[in-house]
Amino acid sequence: MSDQKIHKLVLAALFAALCTIMTMVIQVPSPVQGYVNLGDCAVLLAAWVLGPLYGGAAAGVGSMLADLLTGYAHYAPGTFAVKLAMAVAAGLLFRRLQRRRTPRLALSQAVSGLVAETIMVAGYFGYACLWLGKGLAATASVPGNVVQGIFGLIAAGAVYAILDRSRALARI
């Protein structure tokens, strides 16, 4: 295994841990089961920094671990799939938009983040509606997921800007 692959693998493990911690540390209970957290910030950061493959794996595993460790095991399979899909989509879009002739970091983050958060809202709605058997009652969780998505996107943009200015991303 090359040094670069080992480096990315280690970073993916660190981002998985970051996703777990950021999901678990600040939890604002939602009136309709579940909670709003900072996990989406870590999911988007993983996608933007590591790309779709490693970022997706880190986001899916880390977020699923948070569900398993906080008593939401029934959401773990859905969380793995949703967060993996979010990070893959965000990573692919971010990289594609950054390759354009006049890359605008904020625009790339906003577009990729909005697509990813839309996947999150729709994914959790579908999982609760179909897999957990809640039917249309699952729509009650949509507003909380939208708030979580907006908060996660804003936080990820801010953290990425700080990392970018500190030149920490250049070393990754």
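Relative to the longest principal axis of the Cα atoms of the chain, the long axis of helix 39-69 lies at roughly 30 degrees. Axis angle, to the nearest 10 degrees, between helix 105-126 and the longest C-alpha principal axis of the chain: 20 degrees.
Take the chain and mark each of the trypsin sites (Lys or Arg not before Pro) that is in a DSSP loop with at most 12 other Cβ atoms within 10 Å; the longest unmarked stretch, sites excluded, is 1-98. For the range 3-171, a simple Cβ point-charge model (Lys and Arg +1, Asp and Glu -1, everything else neutral) yields a dipole of about 760 debye relative to the Cα centre. Each label point was placed 7 Å from the Cα along the Cα-to-Cβ direction; for Ala81 and Arg104 their separation is 3.6 nm. For the chain, a Gaussian network of Cα nodes joined below 10 Å ranks Gly56, Gly39, Gly123 by mean-square fluctuation, and the top entry is Gly123. Applying a DSSP loop filter and a limit of 15 other Cβ atoms within 10 Å to the chymotrypsin sites (Phe, Trp or Tyr not before Pro) in the range 16-63 leaves nothing.
Over the range 3-171, calculate the relative contact order: mean separation of alpha carbon pairs under 8 Å at least 6 apart, over the residue count, as a percent. Display every interim value, and only then the final one.
Numbers: 254 pairs, mean separation 38.2, N = 169.
Across the range 3-171, relative contact order equals 23 percent.
Students often get this wrong, so try it: which of (1) 19.4, 64; (2) 15.6, 49; (3) 17.8, 66 is Rg and Dmax of the Cα atoms in Å as calculated from the structure shown? Checked against the structure: label (2). Axis of helix 76-98 versus longest Cα principal axis of the chain: the two differ by about 30°, to the nearest ten degrees.
Each value in this text was obtained by applying a stated rule to the coordinates, not by laboratory testing. Everything numeric in this text was worked out from a predicted model, so none of it was measured. Every residue, glycine among them, receives a Cβ derived from its backbone with ideal geometry; neighbour counts consider all protein chains shown.
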